[in-house]
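A short worksheet on the structure shown next.
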Amino acid sequence: MIDIHSHILPGVDDGAQTMDDAIAMAKAAVDEGITTIIATPHHRNGKYDNPAPNVITAVQRLNEQLQQNQIPLTVLAGQEVRIHGDVLKHWEQGDILPLTGESPYILIEFPSDHVPRYANQLLFEMQLKGLTPVIAHPERNAEIIEKPDRLYELVQKGVLTQVTAASVVGRFGKNIQKFSMQLIEANWVHFIASDAHNLTSRSFQLRTAYDTIDCEFGIDAVYFFQENAEQLVNGQTVYRDEPVRIKKKKFLGLF
C-alpha cells in the first residue's frame, strides 16, 4: 500500500517529535502493509513552515535511518500546504513541494472551519499552471459539511480530494464517518490516506479503512483508491468517476 499523506518526519510539526518516534511509525506502517509513504509536514498553516529544501533534507535523513534499521519503507517528500493567496508565487520561488517532489499533485489544506472565498479561483489558476490540487480531509471541513456543494463544484472542475482513513473507520465520530461514505459514494473522493501523526491518537488505520470500504462498496472501490495512489507516485493521471450531487434529504440530519 501507498500512503500519500503523513506526518512521519521528526521534529518539524505536530507529527513525529523525534527520530525514534519516526522509526516507530515506520515499523507500524510496514506491519500494516504500507511500502511507500509521502511525508507531508504542515506548511504555512500559521504555526509551521516547512519549505521545500528543508523537507527534502529531512526526508533524506529519515530514509538513511530506515535503511540502517533495515526497515523496508520508502519515504518520499511532500507538504500539506495551507491554502493562501501567494501559493503560486511561492511555488515559482521553489518554496512549495509537490507530492513525491516531482509529481504535478499538490496537497492543499483548507482551514478547518471554512473554505476561503478565493479558493475556486486559486485552484483554477493552479490547474492552468499544470498543477493538480488535492484537497486534504474535506470531510472534516465545517463549511463543506454544511454546504457540500462547495466541494462538488471543485471536484467537477478537476480538483481531487483525499479522505482520511480514520474518518472512514469512525475515529472522528459517526457523523464524519457517514459523511465520508457519502463523499465516496458520490465519486467526490480520489484517495484514502492516513494523515498519521503518531501511534496513539492519530495512527495509520489505512488497512482498516480499506476493509471498511470493501464491506461498504466492494473490492473495486479499494482497487480504485490503491491504484490512484500508485498513479500519483508515478506522476501519472489518476482515475476519476463522474461526481454526482449528494441528495439533500440524505444529508440533512447527519449533524
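The values are calculated or read from the model by the stated rules, or taken from the named source; none is laboratory data. None of the values given here were measured: they were computed from a predicted structure. Neighbour counts run over all protein chains shown; Cβ positions are idealised from the backbone, glycine included. Protein only, heavy atoms only, side chains kept; ligands, DNA and RNA dropped before computing areas. Shrake-Rupley method; radii C 1.70, N 1.55, O 1.52, S 1.80 Å.
Taking segment 1-114 as the region of interest, none of the strands (runs of 3 or more DSSP E) fully inside it holds 3 or more residues being open to solvent by 50 Å² or more (accessible area, probe 1.4 Å) and either polar (S, T, N, Q) or at pLDDT 95 or above (or both).
A single entry from 203, 180, 167 fulfils the requirement of being over 18 Å from residue 138 (Cβ atoms), at pLDDT 95 or above and among the small types (Gly, Ala, Ser): 203. Would you be able to say whether some residue in segment 134-156 is closer than 27 Å to residue 94 by Cβ, surrounded by fewer than 18 Cβ atoms within 10 Å (Cβ to Cβ) and not aliphatic (A, V, I, L, M)? Looking for residues that are closer than 27 Å to residue 94 by Cβ, surrounded by fewer than 18 Cβ atoms within 10 Å (Cβ to Cβ) and not aliphatic (A, V, I, L, M), one finds none in segment 134-156, hence no.
Look at segment 205-228: where a residue is within 17 Å of residue 5 (Cα to Cα) and touching a residue at least 12 places away in the same chain (Cβ under 8 Å) and a partner is polar (S, T, N, Q) and in a helix (DSSP H, G or I), sitting 6+ places away or on another chain with Cβ atoms under 8 Å, you get 210/226.
Taken together, the residues in segment 71-116 that are touching a residue at least 12 places away in the same chain (Cβ under 8 Å) and either within 18 Å of residue 129 (Cβ to Cβ) or of a type in the set (A, V, I, L, M) (or both) amount to 31. Is it fair to say residue 228 is assigned to a helix (DSSP H, G or I), farther than 27 Å from residue 131 by Cα, in contact with a Phe, Trp or Tyr (Cβ under 7 Å, 6 or more places away or on another chain) and at pLDDT 95 or above? No; evaluated as a whole, the condition is false for this residue.
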